[in-house]
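Okay, structure first, notes after.
Computed from the coordinates by the stated procedures, all read-outs in this text should not be read as laboratory data. Only a predicted model underlies this, so the values are computations on that prediction, with no experimental measurement involved. Here the Cβ positions follow ideal geometry from the backbone for every residue, glycine too, while neighbour counts run over all protein chains shown.
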Amino acid sequence: MEKRFLSSSQRAWLAGLRARGARVVPDDVASAARRASGVGYGLLRRSSVSLVAGLLGSLAAILVMVGLRLAWGTPTLPELVGERILPLMSANQFVSLLIRF
């Protein structure tokens, strides 16, 4: 904060802070530190680019999986996992999972 932009009451207030040993940081440094740390910005606003990229990537993966399934009949990932795990399960485990989920 430069003194030419401060009123006399603001200068007196700053002088009191400095007299008590408070560390006074200029506005441009403090605001840069807040921007860097993300303070004052919402989580969604800070990570909106990452969120959109993740959503578009997952949508693309789903569309490719559905396209391959419809075009060539290739199994989807959940079907592949089910085909590998199901033979390893006992009948009791299978029935308990059916009841639970």
Rounded, prolate or oblate (a/c below 1.5 giving rounded, otherwise prolate when a/b exceeds b/c) for the stretch 48-100 by Cα gyration tensor: oblate
Calculated FRET efficiency for the pair M65/L88, C-beta based, R₀ 25 Å, to 0.05: 0.55
